[in-house]
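Only one structure is covered here, and it is reproduced in the block below.
Only the coordinates and a few stated rules stand behind these numbers; no lab work does. Just so we're clear, the structure is a prediction, and the values are computed from it rather than from any experiment. No Cβ is skipped: glycine too gets one built from the backbone with ideal geometry, and neighbour counts run over all protein chains shown.
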Amino acid sequence: MASVAASYGASVDCQQHCDYYSDNRLAMDAAVLSMGVVLGRLEFAQSQVEEGTLVAPFAKLASGKGYDLVCPKGMENRAKFTAFSRWVKDQIAVK
């Protein structure tokens, strides 16, 4: 991931602990608490986006996969997040 991040203009500490949630609600709660970002269906985060506690930093993409990227308000401008979101867009465009 570090080399991928570098190619998008960000550095990533690959030794940093990561949490993975099998429950969508827990993942959304973690994002609201600035513990990371969520890649999922916008329908599950719609109320948080409307309230302004999460943002969808780019327009919905027609991927056919049914996922949207959301993050805490303000994180969408951070270098690491910008690099990650560009990587996601590029991956969708490739497929």
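Given labels modelled 7 Å from the Cα in the Cβ direction, how far is it in nm from residue 39 to residue 56?
1.7 nm
If amide hydrogens are placed 1.01 Å from N in the peptide plane, which non-local residues have theirs closer than 5 Å to the one on residue 40?
Amide H to amide H, under 5 Å and 5 or more residues apart or across chains, residue 40 pairs with 68, 69, 70.
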